[in-house]
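Asks: Mind having a look at this structure? Questions to follow.
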Amino acid sequence: MQLLNIKKIAFASILASGSLFSLNIYAQSLVSGFQSVDNGTGSASSTTVTSTTLFGTQAISAYSNSFSIAAGHNYSLTYNSSVAPSFSNIIFTTQSNSSAPPGSSVTVVPSLLAGSHTVTINSGAISALLGSSSYVLVNGSSGAAWTFILTSLTDAGAPIPPPPTGPSVVNTQASVANTAQALQGTYTLQNAVLANSFSYDCTVFGENDICVSAGGRNTAVSAANGLNNTSALLIAAYRAMANVRVGAYADQNLSVNNGGSTVNLGNNTPLLGLFAAWNENLDGTGTEVKATIAYGQKNTTMNRSVVGSGATASEAGSGSSTLNSQGAQ
């Protein structure tokens with residue numbers, strides 16, 4: 001509690017006594033060239049300090065002109081003390097032209113050490129002192145005389161952000177590119193299946209003008225690591241008129257070799273199609289006009305591969321979607 005009272009009284013004496021320290025400013029140094037403060041005499045060469053007796057101890061307050069505390073900047077403070085006085089600390093306070101309320105204060109060196117020392121002042125510790133600030137030394141010790149010199153106060157600038165952690169952009173982009181390449185092969189396979197289905201037909205009719213055909217199909221995409229699928233086919237048609245037939249077909253996957261684990265096609269639903277045809281002659285010769293539409297839907301699972309290793313490796317991921325195929329000829 002005594003230390004708190006000493007700080008308040010020391011600050012009050014500063015406001016009354018005015019400017020007592022000269023200030024030299026350099027490109028990176030905010031405060032430098034401070035004079036020494038002698039506890040025995042209460043004065044330093046050509047610089048006067050306030051000396052007041054408080055609670056039987058000697059208190060010294062030293063005041064600089066001002067220096068500007070910038071937001072987000074760290075500072076480096078260097079001082080030299082002949083002894084380690086008890087209950088002595090260095091305080092920064094705001095001035096009237098500061099953006100912070102006048103009289104705000106932060107203890108930046110809570111306990112002085114003997115010898116020369118450099119203290120790093122974190123930007124967060126003095127965030128309440130943005131703008132014009134000043135320096136105060138509060139001494140609550142008594143006994144032998146000691147000498148204190150504030151050597152410099154240097155702006156270290158804004159702290160350098162730590163290097164990014166986690167997956168690198170390059171590895172993530174490579175992983176996405178690999179997935180896109182695997183999807184391209186799947187699209188090619190489904191397009192081939194759809195295009196082949198346009199040729200499905202049934203042209204041999206019985207007494208009831210009905211045609212039924214069953215078969216199988218295997219479609220492979222050689223450029224996609226052996227990507228292929230095998231299906232069972234069922235085709236049916238009805239001869240509505242002597243020269244006209246209409247029909248439908250179902251192309252049901254039995255198995256799929258997905259050519260790796262990046263993209264997996266399901267076998268859940270068949271490719272369905274409708275067709276209608278007109279022939280000039282009953283024996284199938286001459287002009288023929290045929291129209292076909294088809295629609296297919298496949299469940300698709302995608303597993304994004306890991307590219308790289310260690311902390312910068314891309315993240316593994318998986319997801320599902322529905323791949324729809326539709327066309328007309």
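The values are calculated or read from the model by the stated rules, or taken from the named source; none is laboratory data. Just so you know, these numbers come straight off a predicted model, no measurement behind them. Here the Cβ is made from the backbone with ideal geometry for all residues, glycine too, and neighbour counts use every protein chain on show. Each accessible area value is taken on the protein alone, full model and side chains, heavy atoms only, with ligands, DNA and RNA left out. Shrake-Rupley method; radii C 1.70, N 1.55, O 1.52, S 1.80 Å.
Asks: May I ask you to compute the full-extension gain from D209 to H117, defined as 0.36 nm times their residue separation minus their alpha-carbon distance, rounded to one decimal in nm? Kindly include the intermediate steps, with their values, before the conclusion.
Replies: Details: separation 92, 0.36 × 92 = 33.12 nm, distance 10.50 nm.
So the chain would gain 22.6 nm between D209 and H117.
Asks: A further question follows. Report the extension gain between I160 and I293 in nm, rounded to one decimal, defined as 0.36 nm multiplied by the number of residues separating them, less their alpha carbon distance. Provide the component values of the computation, followed by the final result.
Replies: Working: separation 133, 0.36 × 133 = 47.88 nm, distance 6.24 nm.
Working it through step by step, the gained length comes to 41.6 nm.
Asks: Counting only heavy atoms of protein chains, what accessible area per residue, in Å², does the range 225-276 have with a probe of 1.4 Å? It would help to have the intermediate numbers written out before the result.
Replies: Details: 2320 Å² over 52 residues.
That works out to 45 Å² for each residue.
Asks: Distance in nm between label sites at T269 and A128, each 7 Å beyond Cα in the beta-carbon direction?
Replies: Result for the modelled spin labels: 6.5 nm.
Asks: Take L323 and N196, extend 7 Å from each Cα along the Cα→Cβ direction, and tell me the distance between the two endpoints in nm.
Replies: 1.4 nm
Asks: In what order, largest first, do K290, K298 sit by accessible area if the probe radius is 1.4 Å? Could you put the intermediate results ahead of the total?
Replies: Working: K290 60, K298 10 Å².
Descending accessible area places them as K290, K298.
Asks: Taking the Cβ of W278 as the center, what net charge do the other residues with Cβ under 10 Å away carry, scoring Lys and Arg +1 and Asp and Glu -1? Walk me through the numbers before you get to the answer.
Replies: On the way: positive: R245, K290; negative: E280, E288.
Cβ neighbours under 10 Å give a net charge of 0.
Asks: For A84 and T285 in one chain, what is 0.36 nm times their gap in residues minus the Cα-Cα distance, to one decimal in nm? Could the numbers behind the result be given before it?
Replies: On the way: separation 201, 0.36 × 201 = 72.36 nm, distance 11.37 nm.
Gain on extension, A84 to T285, equals 61.0 nm.
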